[in-house]
Amino acid sequence: MSESSNPLTWKEVCDTARKDMLTCKVCRECNGEACRGVMPGPGGKGTGVGFVRSYQKLQEIKLHLDTIYEYGDIDMSFVLFGKRFAAPFFVAPLAGSQNQYGPKYQSVEFGRTLLRSTSQEGGLTFLPDGGGKMFEETCSLCEAFPGNAVPTIKPWPIDVMLEKFKRSQQAGAFAVCTDLDGAGLALVQGGEVPVMPHTVKELAKLCASVTLPVIVKGVMTPAGAKKCLEAGASAIVVSNHGGRVLEQAPAPVEMLPAIVDAVGGKMEILIDGAIRTGADLFKIRGLGATAALIGRPYAVAVYGGDSAGVSCYSNKLKFELREAMMMTGALTLDDITKDKLFLPEWAK
């Protein structure tokens, strides 16, 4: 590892992480192949095809090179719910670090490590709610980093969710999220408190219970996006939960164009699902998403370098996105339009 006075390289972070992560192999390409079916761990459900497909479909989209334009300063920043962020990506909720990746980090210290970096660098961290004491740990982190965290609440019974939404607001969260697709997460099913699907009416009750923006994660159809809009959600996350809740689901990026067509301009659209590089961020912006949530690589970043590892990965993404924008004639995120992408038929 580098001396503390020198910034870590991503290779150094990955080399260190391989020593401390018990289930993740820290592959050169985080594409779901080597960890198919590894749960607990980073793999997709069953055959793992959900995770693998999410990665593959993103790779089918390419960028049009164009350096004939009037050059100027590149601005990767954007505004979400009145706050300006440095670049269009956030940390996705990563639950159960000890169980999923290895004993080096308990969940509260794992979250604190992420927030120490992202809160200083113009980012945002989505925090998990796996039941039990985890939610109170999440609230304690919201209080320690006010306005920089988003609790992500599982689809518990509605009265439990209402209580947690209100507690999130009291704790100083930036927004509150629910990953409704968590109803299919095997690691949560069968616990003392059940998880389950919810109706539009119930979702509307949740949205009305707080003054914070409400984000619904796990939306994978235009019809589902319209239901969230009807319920009063401020944003959705197009997500198949990392391929961990429904085998044979399409890739989030495959569904993004139709969802943007259905509700684009009426609510913010975020996306997660095997987004790994600045070029991937360029792609999702060109298809109409506001920003991405990125999960598994941030676990590698924490285990491989603590907060310095988190900064290393975030800076890597920013460098790659800036390079993609410079090489395609996009000086701002609004300049990243669909015509700057070389698209397969399914994305047109």
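The values are calculated or read from the model by the stated rules, or taken from the named source; none is laboratory data. Because the structure is predicted, anything quoted here is derived from the model rather than measured. Note that each Cβ is placed from the backbone with ideal geometry, even for glycine, and that neighbours are counted across all protein chains shown. For accessibility, only protein heavy atoms count, side chains too; no ligands or nucleic acids. Shrake-Rupley method; radii C 1.70, N 1.55, O 1.52, S 1.80 Å.
Data table
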quantity: So ASP280, is it within 19 Å of ALA86 (Cβ to Cβ), crowded, with 18+ Cβ neighbours inside 10 Å and charged (D, E, K, R); calculated: yes
quantity: Where LYS217 falls short, out of the listed (1) in contact with a helix residue (DSSP H, G or I) (Cβ under 6 Å, 6 or more places away or on another chain); (2) under 28 Å from LYS133 (Cβ atoms); (3) crowded, with 20+ Cβ neighbours inside 10 Å; calculated: (1)
quantity: Matching residues, segment 215-254, being in a loop (DSSP other than H, G, I, E, B) and either closer than 11 Å to ASP181 by Cα or among the basic types (Lys, Arg) (or both); calculated: MET220, SER239, ASN240, ARG244, VAL245, LEU246
quantity: Index of the failed condition, THR47 passing every other in (1) crowded, with 16+ Cβ neighbours inside 10 Å; (2) more than 24 Å from GLY288 (Cα to Cα); calculated: (1)
quantity: Unique residue being exposed (fewer than 14 other Cβ atoms within 10 Å of the Cβ) and either in contact with a Cys (Cβ under 9 Å, 6 or more places away or on another chain) or closer than 26 Å to GLN98 by Cβ (or both) when the list is PRO40, PRO7; calculated: PRO7
quantity: Helices (runs of 4 or more DSSP H) within segment 93-193 that include 1 or more residues surrounded by fewer than 21 Cβ atoms within 10 Å (Cβ to Cβ), of a type in the set (Lys, Arg) and touching a residue at least 24 places away in the same chain (Cβ under 8 Å); calculated: 107-118, 158-170
quantity: Any hit, segment 287-295, residues being assigned to a helix (DSSP H, G or I) and buried (at least 18 other Cβ atoms within 10 Å of the Cβ); calculated: no
quantity: Test for ASP306: is it surrounded by 18 or more Cβ atoms within 10 Å (Cβ to Cβ), of a type in the set (Asp, Glu), within 17 Å of the chain's Cα centre (by Cα) and modelled with pLDDT of 95 or more; calculated: no
quantity: Residues that are within 19 Å of LEU203 (Cα to Cα) and at pLDDT 95 or above, drawn from segment 128-153; calculated: VAL150, PRO151, THR152, ILE153
quantity: Any hit, segment 200-213, residues being over 22 Å from ASN240 (Cα atoms), open to solvent by 10 Å² or more (accessible area, probe 1.4 Å), in a helix (DSSP H, G or I) and touching a residue at least 40 places away in the same chain (Cβ under 8 Å); calculated: yes
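Let's see how each residue does on (1) in contact with an Asp or Glu (Cβ under 9 Å, 6 or more places away or on another chain); (2) closer than 14 Å to GLY304 by Cα; (3) part of a loop (DSSP other than H, G, I, E, B):
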{"residue": "PRO7", "(1), (2), (3)": "no, yes, yes"}
{"residue": "LYS11", "(1), (2), (3)": "no, yes, no"}
{"residue": "THR16", "(1), (2), (3)": "no, yes, no"}
{"residue": "LYS19", "(1), (2), (3)": "no, yes, no"}
{"residue": "CYS24", "(1), (2), (3)": "no, yes, yes"}
{"residue": "SER54", "(1), (2), (3)": "yes, no, no"}
{"residue": "LEU65", "(1), (2), (3)": "no, no, yes"}
{"residue": "ILE68", "(1), (2), (3)": "no, no, yes"}
{"residue": "GLY72", "(1), (2), (3)": "no, no, yes"}
